[in-house]
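The values are calculated or read from the model by the stated rules, or taken from the named source; none is laboratory data. Small disclaimer: the values here were computed from a predicted structure and weren't measured. So basically every Cβ, Gly included, is an ideal-geometry build from the backbone, and we count neighbours across all protein chains shown.
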Amino acid sequence: MKLNELIFNASYLELDPIFYNKTTPLPLQKPYLISGNLEAAKLIGLDAGETQTEEFIDFVNGKVLLKGSQPFSMCYAGHQFGHFVPRLGDGRAINLGETQGWNLQLKGAGPTLYSRQGDGRAVTRSSIREYLMSEAMHALGIPTTRALALIGSDERVARERWEKGAIVLRMSPSWVRFGTFEYFYYTDQHDKLEELADYVIAQSFTHLKDKEDAYFLMYEEVVKGTAELLAHWQSVGFNHGVMNTDNMSIASVTIDYGPYAFLDAYDFNYICNHTDQEGRYSFGNQPPVAYWNLSMLARALSPIISIERTEKSLESFGELFSQKYLELMRAKLGLKKKHSNDLALVKHLLGVLGSQDLDYTAFFRTLSHYTGNTEALLELCSLQTPLNEWLDDYDKRLKEESDTDRNTNMLRTNPKYILKNYILQEAIEKAENGDNTLVNSLLELAQNPYDEHLEFERYAKSTPSSYQNLKLSCSS
């Protein structure tokens, strides 16, 4: 359909006004299109050609509102690095409403009631990172927000330095966060908890609507969805970097891409956020942090669900996570049958990867071609004995399998390309100098990570040592 045929509804505005603040976007000066995502456009039925029009740029810039759209920003609280902050909210995000089951939101479209003296802007580098990574995560099969478009401008924004302003138009099945419930719990507005829970069930858990005990069943769904989301993160080596409760989705999708990173060399204790001095949000600590965040959600829901019941439900998190994680790791190893020693086999391998500083993605992609000849795998190592010992165990385990398509299936499971930070930085530097071609090339790469892309073969190799496991800021 044409852009002007899109129709929005604003069901969130049917809630009490305390939930939101109506906000008028502040368009950027001299905007231009950096990239339009045709795959995301299909999700809302938008014709491909529409993403290349001036009207589309005006739409992403917040200058033109479509039928039914009533821009607003959402109020929420959150635990940030373990400390409760009573009111946060969308400081630089403005919601346009819902269409075709997706909630569209402008990030960087100016200040809101919740900006806390901030300018409400986003810059080119952070916007490119979010735009590309949300699409990369989707292609890897990981629940995530999506991104429809990215625009830049000549307007200058002050961060660590003066940078060009940008807006990313992102999409999500829901923008409700754990911290949204926390806001109404800690302000003693407990009647609003039911109102919010009813909204969440109607939007994200429609199968629970009108069911007895629906609130508790909703919490159980969030526990399960979060456990499985974290299993996905750990299996691909993704480090979110800022797992505050206000960055945790009630719909169990990955939201708010800031100082994230994929692992280069495998490092269980890797910290991608240089603000995180104590490693609270390190790669290996993500599952226990998710558990803690769910316990904070349980506390926030306690006026409408017995805390004893939610805590009992939360006990299942560890098993749910482990089951999903092992399922995903079996697939990465090309194993279909379940074996009691599979977890030990995985742990043994991760120990080898960590001790050898082996590139996580490159190793599994190389393993996907393995048919008994160890040469290609051993070339990745400085010390070959540890990997040889693991391969002996792996060979024994493979003898229990009968899957003749193992290598083909592994190549469809283990990506050849992931968007490491040094790759993204190349695109950012080009875009800041007016060349957006690499952003669009990386979008195609991100959306097809299992395919061969000869022109980008160098990106499939181990990360150069000078770029390995970098740390980033929250403004990244």
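Brief remarks follow.
- Helices (runs of 4 or more DSSP H) lying entirely in segment 381-452 (those with 2 or more residues that are in contact with an Asp or Glu (Cβ under 7 Å, 6 or more places away or on another chain) and within 17 Å of TYR370 (Cβ to Cβ)): none
- Under the condition of being closer than 15 Å to PRO71 by Cβ and touching a Ser or Thr at 6+ places or on another chain (Cβ under 8 Å), the residues counted in segment 6-18 number 4.
- For ALA41, the conditions (1) crowded, with 23+ Cβ neighbours inside 10 Å; (2) under 21 Å from the mean Cα position of the chain (by Cα); (3) within 25 Å of GLU135 (Cα to Cα) are fulfilled apart from (1).
- Wholly enclosed helices (runs of 4 or more DSSP H) of segment 279-366 bearing at least 2 residues in the same structural domain as PHE181 (by TED's automatic domain parsing) and β-branched (Val, Ile, Thr): 307-314
- Residue match in segment 192-203 (condition: under 26 Å from THR361 (Cβ atoms) and in a helix (DSSP H, G or I)): no
- All of ARG170, ARG146, ARG161, ARG177 fail the test of being out of contact with any strand residue (DSSP E or B) (no Cβ under 8 Å at 6 or more places or on another chain) and of a type in the set (D, E, K, R), apart from ARG161.
- Segment 275-323 - residue that is surrounded by 17 or more Cβ atoms within 10 Å (Cβ to Cβ), out of contact with any Lys or Arg (no Cβ under 9 Å at 6 or more places or on another chain) and among the charged types (D, E, K, R) and, of those, farthest from GLN234 (Cα to Cα): ARG309
- Selection status of SER115, surrounded by fewer than 19 Cβ atoms within 10 Å (Cβ to Cβ) and either within 24 Å of ARG129 (Cβ to Cβ) or at pLDDT 95 or above (or both): yes
- For segment 1-52, the set of residues classified as in contact with a helix residue (DSSP H, G or I) (Cβ under 9 Å, 6 or more places away or on another chain) and more than 18 Å from LEU169 (Cβ to Cβ) consists of SER11, LEU13, GLU14, LEU15, ASP16, ILE18, PHE19, TYR20, LYS22, listed by residue number.
- Residue satisfying all of: in segment 367-380; more than 35 Å from the chain's Cα centre (by Cα) and part of a loop (DSSP other than H, G, I, E, B); surrounded by the fewest Cβ atoms within 10 Å (Cβ to Cβ) among these: GLY372
- Verdict on VAL60 being surrounded by 13 or more Cβ atoms within 10 Å (Cβ to Cβ) and free of Cβ contacts under 8 Å to residues at least 40 places away in the same chain: no
- Residue in segment 147-165 that is free of Cβ contacts under 8 Å to residues at least 40 places away in the same chain, more than 20 Å from THR254 (Cβ to Cβ) and not in a strand (DSSP E or B) present: yes
- Filter pass, GLU130 being acidic (Asp, Glu) and buried (at least 23 other Cβ atoms within 10 Å of the Cβ): yes
- The selection criterion, being buried (at least 24 other Cβ atoms within 10 Å of the Cβ) and more than 20 Å from the chain's Cα centre (by Cα), does not hold for LEU230.
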